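Participant: Structure below; questions to follow.
The values are calculated or read from the model by the stated rules, or taken from the named source; none is laboratory data. Note that the structure is a prediction, hence the values are computed from the model and not measured. Please note: Cβ atoms are built from the backbone with ideal geometry, for glycine as well, and neighbour counts cover all protein chains shown.
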Amino acid sequence: MKTSLYATLQKKIIFVTLIVSLAPLFILGITIYQQFSRMYRAKVEEQIEYRARAQAEAVDLFLKERTAILAAIADTHTFQEIIDDKNLSQLFQIMNLRAGAFVDLGVISNSGQHLAYVGPYELKGLNYYQQDWFGEVMSKGIYISDVYLGYRQLPHFIIAIKRQEGQNSWILRATIDPDIFGAIVRAAQVGKTGDAFIINREGSYQTRPRFDGQILSPSKLDPHLFGGRTTLVEKEGSGGESILYAGSWLKNDKWLLVISQEIAEEMTGLFGTRNVMIAILALGIAAIVCTTIGITRVTVNRLRDADSQMNALNAQLMQSDKLAALGKMAAGVAHEINNPLAVILQKTGWIEDLLMEEDFQRSKNLEEFKNSIKKIEEHVERARKVVHNMLGYARKMEPHMEDVDINDTVGQTISILNNYARINNIEILTELAQDLPIIASDQAQLQQVFLNLISNAIDAIGKDGRVLVKSVRAGSELEVSVTDTGKGIPEELQKRVFDPFFTTKETGKGTGLGLWVSYNIIEKMGGTIFVRSKVGEGTTFTVKLPIIIPEKK
């Protein structure tokens, strides 16, 4: 009946949604596309302008750093020091070590004579008096040239610093590596059609463009189109494609850094959005149907989850009833057993007093009487501990604090289970740290915990395997771990192993109380117990106990 109701509801939703939503959906889609197209175009333009501005700042910083280094060397060295080829060579090495990108370094007199030189070319002794850049640096003091051929007949540009030393003036000149400089500019290239280059005020390339042209060849751009700091220009390419050019003048106002990008490549995201919108419109009806089906499934799953949670709550209530019944039974049993035990203990004390009389002192069986009384008292104490442990299943019991040697407690527990393990061809191994301190705890309850963990490990193995018990000090805690080579516990069951009455053993082979009791005991002692397990590899239970130093007696 519910299935037919959901099917009817689904059909109605699909029918109404198609009629009511389809027309507005088309109108809304077209409007959104137009608005998004304008916004996307503005964003593309903003990004390419930003890239041009940022890269121009990077190039400015590059030139400024090299100029500053060159000026610092010129200011801190005298003419006689710097024309020494050895000193000049050392300075050149330091410049490239600290900043790099210098091809050569030279010292030129105020008459244009090249007096000292370090670099790969034979330029020493040449005269630059007729060179354009020489007059510029002599008049301005600091000069960065355009790219030119010069004596070496290779495209390059220089940074030159004029130094006035008394009546004498001289020039420190360095050539910048065009490959490194060009790589810095080309770092702004993006995509398959992106380009980045520098042109001078005459429109000649100062760095090599990506697609068409060489250094010093004329570009197809008019630098006068780019005014102010950063300007955006749209032009048509040779293939009819629209290209955006963003130009940003460097701080020397001689060079224009240009970044270009085909609009079609930048607008690829917009075209993809358009296709997505068309697909959304085409699949709108199907999407509504799928959404209806999905909502129906989610609703059914939630109802199913609610039923499962209700069943789980009912199971917990049943377990609570079981625990309540167990508590009443344990309290009654304890009352019925403790009274006879008290009487037996009282009578053994009375018998001990009788043995002190003279008639009994002469009996040849006196020692046997005393041994028998001692055995009775030991077994009475053992019975009282059994009652004590039984009560532990039903109510919280405060630990009886005493001096406890963890390793000794573990050893006693293993000795109890050794025969059981040996019968099943299971070896119990130990790795017990020898530096563990004596702590204040309840040995009987700890032994119960270790007994539960080791016996569970043996049961998990079944036949032929190993159980490893380790103890170690970890800061302010003691850790005891029990690792078995059994089949392991599935991950979804690990969070339930400490629940009362939960067991992974076969029916009739476990009560599901052992780990629950162990958890409560360790928790009362201020410690923690947790499990790590992987199916097919085994299980490890770890107990952490706080180190509480016993009080001096």
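Participant: Is one or more of the residues making up the stretch 205-223 part of a strand (DSSP E or B), of a type in the set (K, R) and more than 25 Å from I176 (Cβ to Cβ)?
Facilitator: No, every residue in the stretch 205-223 fails to be part of a strand (DSSP E or B), of a type in the set (K, R) and more than 25 Å from I176 (Cβ to Cβ).
Participant: So, one more: Applying the selection to the stretch 129-178, what residues are of a type in the set (D, E, K, R) and either surrounded by 14 or more Cβ atoms within 10 Å (Cβ to Cβ) or in contact with a Pro (Cβ under 9 Å, 6 or more places away or on another chain) (or both)?
Facilitator: E136, D146, R152, K162, R163, R173, D177
Participant: Looking at (1) in contact with a Leu (Cβ under 8 Å, 6 or more places away or on another chain); (2) at pLDDT below 75; (3) surrounded by fewer than 16 Cβ atoms within 10 Å (Cβ to Cβ); (4) not charged (D, E, K, R), find the lone condition where A394 falls short.
Facilitator: With respect to (1) in contact with a Leu (Cβ under 8 Å, 6 or more places away or on another chain); (2) at pLDDT below 75; (3) surrounded by fewer than 16 Cβ atoms within 10 Å (Cβ to Cβ); (4) not charged (D, E, K, R), A394 is out only on (3).
Participant: Here are F92, F181, F79: which of them is under 30 Å from V258 (Cβ atoms) and buried (at least 16 other Cβ atoms within 10 Å of the Cβ)?
Facilitator: F181
Residue-wise test of (1) within 30 Å of D435 (Cα to Cα); (2) among the hydrophobic types (A, V, I, L, M, F, W, C).
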{"residue": "I458", "(1), (2)": "yes, yes"}
{"residue": "G465", "(1), (2)": "yes, no"}
{"residue": "V469", "(1), (2)": "yes, yes"}
{"residue": "R473", "(1), (2)": "yes, no"}
{"residue": "L478", "(1), (2)": "yes, yes"}
{"residue": "V482", "(1), (2)": "yes, yes"}
{"residue": "I489", "(1), (2)": "no, yes"}
{"residue": "F498", "(1), (2)": "no, yes"}
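Participant: Select from the stretch 461-486 the residues that are within 18 Å of S533 (Cβ to Cβ) and surrounded by fewer than 17 Cβ atoms within 10 Å (Cβ to Cβ) and write down the one among them that is modelled with the lowest pLDDT.
Facilitator: G462
Participant: Right, next: Is there any pair with a first residue in the stretch 230-248 that is assigned by TED's automatic domain parsing to the domain that holds F197 and buried (at least 19 other Cβ atoms within 10 Å of the Cβ) and a second that is among the aromatic types (F, W, Y) and outside any strand (DSSP E or B) whose Cβ atoms are under 6 Å apart and which are 6 or more apart or on different chains, and what are they?
Facilitator: If the second residue must be among the aromatic types (F, W, Y) and outside any strand (DSSP E or B), the pairs left are G247/F226.
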